[in-house]
1. Testing LEU76 on (1) surrounded by 12 or more Cβ atoms within 10 Å (Cβ to Cβ); (2) farther than 27 Å from ILE4 by Cβ, one condition comes back false. Which one is that?
2. Residues of region 1-17 being of a type outside the set (S, T, N, Q), in a loop (DSSP other than H, G, I, E, B) and either under 43 Å from the mean Cα position of the chain (by Cα) or surrounded by 10 or more Cβ atoms within 10 Å (Cβ to Cβ) (or both), which ones?
3. Could you please tell me which pairs satisfy a Cβ distance under 8 Å, a separation of 6+ or placement on different chains, a first residue in region 118-137 that is under 16 Å from ASN65 (Cα atoms), and a second residue that is part of a helix (DSSP H, G or I) and of a type outside the set (Phe, Trp, Tyr)?
4. For the condition modelled with pLDDT of 95 or more and either part of a helix (DSSP H, G or I) or out of contact with any helix residue (DSSP H, G or I) (no Cβ under 8 Å at 6 or more places or on another chain) (or both), what is the one hit in ARG95, ARG101?
5. In region 19-61, which residues are over 27 Å from ALA93 (Cβ atoms), β-branched (Val, Ile, Thr) and surrounded by 13 or more Cβ atoms within 10 Å (Cβ to Cβ)?
6. Any residue in region 108-123 that is over 30 Å from PHE74 (Cβ atoms), part of a helix (DSSP H, G or I) and among the charged types (D, E, K, R)?
Amino acid sequence: MEDITHFFSNLFNTDSWPPRWHCGEWTSFHGWLYIFSDLAIWGAYFMIPVVLLTFIKKKKDVPFNNVFVLFGAFILACGLTHLIDAVIFWWPAYRLSAVIRFITAVVSWGTIIALFKVIPKALHLKTPAELELIVNERTAELIAKNTKLKELHEHLKNSYEDMEVKIKFRTEALEKTNRELVEEIKRLKG
């Protein structure tokens, strides 16, 4: 317990170590390549969560938002390990580096656990190709139903037209018969 107390009470104390430039034999090229690479990695790791957060804010219906947030935290923590590695060339904060690495480990495993919980649900999500296939199938069904409705409508229309022709023919026949009867009645009375 005393080691832990000593560790955290001296978290920013760098008296126990020299800056990385003074550890080993760094050439200027080797040191700056290391520093530049770590800073470039940190910059990219910083931007990835910014892009993810922008995506989540603009796309409100993204499933599993919490995993995106955890992934962003994981990436930020990984980036911090690279930033501190670059800074250690001048400021040997190895205790702080250890804490940042521990935080990165915890966030990393938290992200992995969250992914294991989400993957079964995510596997049930439809891909754009699957959704397009469903839409195409349903569209075909609607067109088929619509075609049947059009055929039924055409059949009913034809039946109606046939019925109108028959009614007209029967009406004309009844009118002719009625005229003939009226004339026959006039002739018999007369």
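1. Just one mismatch for LEU76, condition (2).
2. LEU11, PHE12, TRP17
3. VAL118/VAL67
4. It is ARG101.
5. Let us first name the residues in region 19-61 that are over 27 Å from ALA93 (Cβ atoms), namely 51-61.
When the remaining residues are screened for being β-branched (Val, Ile, Thr), the result is 51, 54, 56.
Correct list: ILE56 only.
6. No: region 108-123 contains no residue that is over 30 Å from PHE74 (Cβ atoms), part of a helix (DSSP H, G or I) and among the charged types (D, E, K, R).
The rows are residues; the columns are (1) without any contact (Cβ under 8 Å) to a residue 24 or more places away in the chain; (2) in contact with a Gly (Cβ under 6 Å, 6 or more places away or on another chain).
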residue	(1), (2)
GLU25	yes, no
LEU33	yes, no
TRP42	no, yes
LEU53	yes, no
PHE64	no, no
VAL69	yes, no
GLY72	no, no
ALA77	no, no
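The values are calculated or read from the model by the stated rules, or taken from the named source; none is laboratory data. Keep in mind the model is a prediction, meaning the values are calculated, not measured. As a convention, Cβ positions derive from the backbone with ideal geometry for all residues, glycine included, and neighbour counts pool all protein chains shown.
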